[in-house]
Amino acid sequence: MKSLQIGFEFPTFLILLALLPVLWLASKRSLAGLGRWRHITALLVRSIVLMLLVCAIAGIEWISISDRLSVFYLLDHSDSISVQDKQNMLRFASGNASRFQQNLMHSEDRVGIIAFAREAVVERPAMQDPLPKSAYLESHLGPTDATDLEAALKLAKACCPEDSACRFIVLSDGNETEGSLASAAKSITESGIGIDVIPIERAGESEVLVEKIDIPGSVRQGQPVEGRVVLHRYNAPGLASERVSGELRVTRRLGTQSELIVDIPVTLDQEINVFPIPHRIDVAGGYTYEAEFIPDSSEADGNSKNNRVTAFTYARGKGRVLLIENVDRVGEYQPLVDALRREEIEVELRDSSQLFTSLIELQGYDCVVLAGISRTSGGGDANFASFSDAQMEMLVTSVQQFGTGLLMIGGPEAFGAGGWSNTKLEEAMPVDFQVKNSNVSAVGALALVVDKSGSMAGEKMAAAKTAARAAVDALGPLDYVGFYAFDDGLSTMAALGRKADIGRALQLRIRSLAASGGTNMEPAVLRAYRDLEGSLASVKHAIILTDGMTAGDRYSQLAREMSSKGISTTTVALGKDSNLRLLQDIASNGGGQFYSVSNLRVLPKIFMREARRVTKPLVFEPVGGVQPQLMSSHEALTGFTQKGFPRLKGFVLTQLKDSPLVEVPLVSPKPTESENATILATWTYGLGRTAVFTSDVGPRWANDWQAWNQYDQFFSQVVRWTMRPSQENEGFHLATQVRDGKIEVVVHGIDREGRFTNFLDMQGTAVGPDLRVKSFDLKQQAPGRYTGSIDVSDAGAYVLNVVPSKRHAPLISGVSVPYSQEYRVTHANIPLLEQVARMRPEGGAPGQLLPRLNQDNLNLLLNHNSFRRDLRVTRSQHQAWPTTLLLCAIAFFVDVFVRRVAIDLTSPWNWLRTRFRGELSAADLQRRSSLERLSSTKAELHPPSNAQGYGNFASEMPPSERSASEISQFPGDFGNVTATRTLPSTAADAPKLTDDDTSYTTRLLLAKKQAKRTQI
């Protein structure tokens, strides 16, 4: 039911209504001449004008009052709720709503459902229709590894209709892992919304949680380590305490190597069980530990997601180097590895198919060396190896935030020639991998011929566009690129041009490509070949991609002709429906490579690898080689002189970064452009150091160096310069603990003399599994004690870096958040749910805490009256002053009309009586008699004349005065009227007229003419 009331936003202004008596007194005299009824009407209208104006000023508004009720069921569907309880929630919501909607005869009440876990979603908005019966949600809930009751309440409040009261029925265990239920509930009840609570308690299940692996975050190499695994056994209320037996496994992982250090049967006979894991760490590096409990019986453990935890420790020792070489040329950099080991640098050698997988893994190395490696290597669907964007970001983050050193060594497939242009890695190096100097002839041309026929729709088209864009990104700004898409003919084209000029527009064109039409690649191939043939680039290459049969039969001949002109052709067949033999012939005759692709994920890698053909001009191999020149002293080149460096047969051209931080101690005399002649360049990037050596260290360019007696010294000094400082902070101890969704960090500082280290400006950073950097400050809480914390929401490994001060080396540690808090808690948070239920909404009764939801109580809960009327009725205001102001203006017009216009209200009645009865009223008879007397008198005084027409004044003049006449014409609707008048020459000559022989009109006309003559 709805009702309307009138209210005022500014009621104080209603005092202006006291001006009504003043208005009446002022209007008494001014309206006195209107007659009685017009006087009363005008006074009444003026009063209405004033009242409407005052109401508009006071902000008059309509207040709509409604007793409608909207009920929302908030259902907890996080992982801490069993499947059976989730189904019971939906049964309760539909049954409870339908029962009371039908029985209470409130047809306008509404009901809705909000489901929530880490996020909240609207399963069903507030509607008058009954809830459908269903055991599962229809909406996508997202991650269920957390509980955010605050988000659920806020979403439900946002969904409440404005014209009804609202009540929330919360079904949850109350174990919130994000947000604050209490603060959100307080805000919501203050707005008049009621909250009823139905607790959810897991019953009849036992649970085992692997709490943590307790291990120091930092140890010494060779030091015995006493670790501990903590397990928590939980028995459901009402069940006898029983032992739980199972198997405990602890694995230690360093890089790609894993070691099982504990595998024993255990019995959990206490609520808290601790098992020691003594062991020894002999190799320096970053270790990841994983502990897992496997119960003998699944009935003893209700949730297996909390049976595994991880931890991290860093073993300090000699500096360690990770050297990564190309999988296509394994062993090529073995001489460098041997040289570093001879200089007592510990080196781990991997190929590009065995890359690091986590940021924690990288903390085991003080320097990473990318030895002549390309971004993409290998071949075939299964053998392609490449650096992913995530791995590059891990490496750059490790350098910038944790001080890991990075050295890139050149080769024919390194730097820009290896597809590293426009990557995150390029940002961390002291040189750019793209040559921007037009005087250096390191220019290639690439034509991309791509099938966009209808058969390419879906994943094929998406993969093709991603591959084409990756190929464009791999080119330098001065390289040429063209794009030719075909269906029945050449459909979409970007003619060959410099990437710097057309790169952005080309990327947009590739993104907008859509599959349609048939397959005929001949027009596109011909146009691509023609553009490449006319290009001045030193290297020209075409890539043809298609997934089907094509018209035309002279492709092989075209490829052979183009090959003779220096244009190579690579073909890529998607799927088995392609003309494999034709594409093989084109690649064979065109001097390129043929790829048959069944795994779409390798398609971008193929395009990036083929784009490297175009970047080959970056490889600089002058005749006779070059003699490196020492340009400046550098810490990494201590002990070397100008004439001490052997010749190099070649190197990769790069572009020096325009930064004062870049140091270039070693250059080549060729080319003449110094910014492109770098041999060795270094700089500091964040907390780490990076360097590039643009030549290789092997037999292709540096075979003279391998016989050089300072070979070991040169590369060991360069590597040591980049390595993370090995200074040990013996006076500092870093400890971490995960508690209540936060990582708590504690640092104790004691100097060598045993005194507390105080008043340090200590700062730290943490990098989580999403590779986002979080900074935090550590405040001194006690002598030598500093604490800080970081909020964490995602499970996984977090790497911490704490810098005590500028004169101290960083403290590096790691901590693992094993699983969400959602999997740790097993009891329902009844006190929190009671607190929420006791909150009294504004103007209503407090909510109710109902019995726990289970199969036995379901029928009892269905009788709960969720639609009871104990909440404040809903009031909604609608501004009415604009309408009131309009009515005021209309009333003002009526007031003016009443005062200025006299209306005989009896005229309609008199007309009707005359019309139908043929008689006149006494008043009409009196008026007619008066008019007849007036007409008779006028006729007697002014007899009719013979003059005709409007304005004939001759008849009003005596005949004796017409001797001198003036003829005047009066044109008009009345025809041409001629009047003869005698015009006196002067005022004295004017005739003397008496009242007997002239009329008022004649006298007036004569006076007017006399006045005109006087003016003349």
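The values are calculated or read from the model by the stated rules, or taken from the named source; none is laboratory data. Everything numeric here is computed off the predicted structure, so don't read it as measured data. Backbone-built Cβ (ideal geometry, glycine too); neighbour counts: all protein chains shown. Side chains included, ligands, DNA and RNA excluded: accessible areas come from the protein's heavy atoms. Shrake-Rupley method; radii C 1.70, N 1.55, O 1.52, S 1.80 Å.
Out of these labelled values of semi-axes √(5λ) of the Cα gyration tensor in Å, (1) 67, 35, 26; (2) 90, 52, 31; (3) 72, 55, 19, which was calculated from the coordinates shown here? Checked against the structure: label (2).
In this structure Ser568 has an accessible area near 20 Å², from a 1.4 Å probe over the protein heavy atoms. For the chain, the share of DSSP beta bridges that are antiparallel, to the nearest 5, is 65%.
Write out the trypsin sites (Lys or Arg not before Pro) in the stretch 314-378 meeting two conditions: DSSP loop, and at most 14 other Cβ atoms within 10 Å of their Cβ.
Working: sites: Arg316, Lys318, Arg320, Arg329, Arg341, Arg342, Arg350, Arg375; in loops: Lys318, Arg375.
Here the sparse-neighbourhood loop sites are Lys318.
For the chain, the longest principal axis of the alpha carbon atoms and the long axis of helix 922-941 meet at an angle near 60°. Computed with a 1.4 Å probe on the full set of protein chains, the accessible area for Met461 sits at about 10 Å².
Under 25 °C and 0.890 mPa s, how fast does the stretch 153-231 diffuse according to Stokes-Einstein, given a Kirkwood radius computed over C-alpha pairs? Answer in µm²/s, whole number. Let's see the in-between values first.
On the way: Rh = 17.2 Å.
After rounding, the answer is 142 µm²/s.
For the stretch 732-823, what proportion of DSSP beta bridges, expressed in % and rounded to the nearest 5, is antiparallel? Write out the running numbers ahead of the final one.
Values: 37 of 37 bridges.
Antiparallel: roughly 100 percent of the beta bridges in the stretch 732-823.
For the chain, the 222 nm mean residue ellipticity estimated from helices alone, with every DSSP H stretch of n ≥ 4 adding -39500 (n - 2.57) and the total spread over all residues, rounds to -8500 deg cm²/dmol.
In order along the stretch 514-531, the phi-based Karplus estimate (6.51 cos²θ - 1.76 cosθ + 1.60, θ = phi - 60°) of 3J(HN,Hα) comes to 10, 7, 5, x, x, 9, 8, 8, 4, x, 5, 5, 4, 5, 5, 5, 5, 5 Hz; Gly and Pro are listed as x. Label point of Asp791 set 7 angstrom out along Cα-Cβ; within the stretch 763-781, amide nitrogens under 19 Å from it belong to 764-779.
Computed from Cα positions, the angle between helix 555-564 and the longest principal axis of the chain comes to roughly 70 degrees.
For the stretch 444-610, the equivalent ellipsoid derived from the alpha-carbon gyration tensor has semi-axes of 21, 19, 14 Å in decreasing order. When you restrict to C-alpha pairs under 8 Å that are six or more residues apart and normalise by the size of the stretch 693-767, the relative contact order lands at 15 percent.
Overall, the stretch 732-823 carries a charge dipole of about 380 debye about its Cα centre when +1 sits on the Cβ of Lys and Arg and -1 on the Cβ of Asp and Glu, all other atoms neutral. What the Cα atoms of the stretch 207-316 give is an Rg and a Dmax of 15.1, 50 Å.
Dipole magnitude for the chain: computed about the Cα centre from +1 point charges on Lys and Arg Cβ and -1 point charges on Asp and Glu Cβ, it is near 4220 debye. When the alpha-carbon atoms of the stretch 59-217 are used, the pair Rg, Dmax equals 18.0, 72 angstrom. Given +1 at the Cβ of Lys and Arg, -1 at the Cβ of Asp and Glu and no other charges, the dipole of the stretch 207-316 around its Cα centre is 600 debye to the nearest 20. Going toward the positive end of the dipole of the stretch 207-316, with +1 on Lys and Arg Cβ and -1 on Asp and Glu Cβ, which of Pro265, Asn306, Gly286 do you reach last? Result: Gly286, furthest along the dipole toward the positive end. In terms of its Cα atoms, the stretch 732-823 spans 45, 21, 17 Å along the principal axes, sorted from long to short.
When DSSP beta bridges are restricted to pairs lying wholly in the stretch 444-610, around 20% turn out antiparallel.
Rounded to two decimals, what is the ratio between the C-alpha radius of gyration of the stretch 504-599 and 2.2 N^0.38 Å? Display every interim value, and only then the final one.
Working: Rg = 13.7 Å, N = 96, 2.2 N^0.38 = 12.5 Å.
In units of the 2.2 N^0.38 Å rule of thumb, it is 1.10.
Within the stretch 771-818, the ratio Rg/Rh, alpha carbon atoms throughout and Rh by Kirkwood, equals 0.99. Structural descriptor for the stretch 444-610: relative contact order 27 percent, calculated from alpha carbon pairs under 8 angstrom and at least 6 residues apart. Averaging 1/r over each pair of different alpha-carbon atoms in the stretch 579-713 and inverting the result gives 17.8 Å, the Kirkwood hydrodynamic radius. Between the residues Gly552, Leu448, Ile606, the greatest Cα displacement towards the positive end of the dipole of the stretch 444-610, with unit charges on the Cβ of Lys, Arg, Asp and Glu, is found for Ile606.
Can you tell me, using C-alpha contacts under 8 Å and at least 6 residues apart, the relative contact order of the chain as a whole percent?
Details: 2209 pairs, mean separation 138.1, N = 1016.
This gives 14 percent for the chain.
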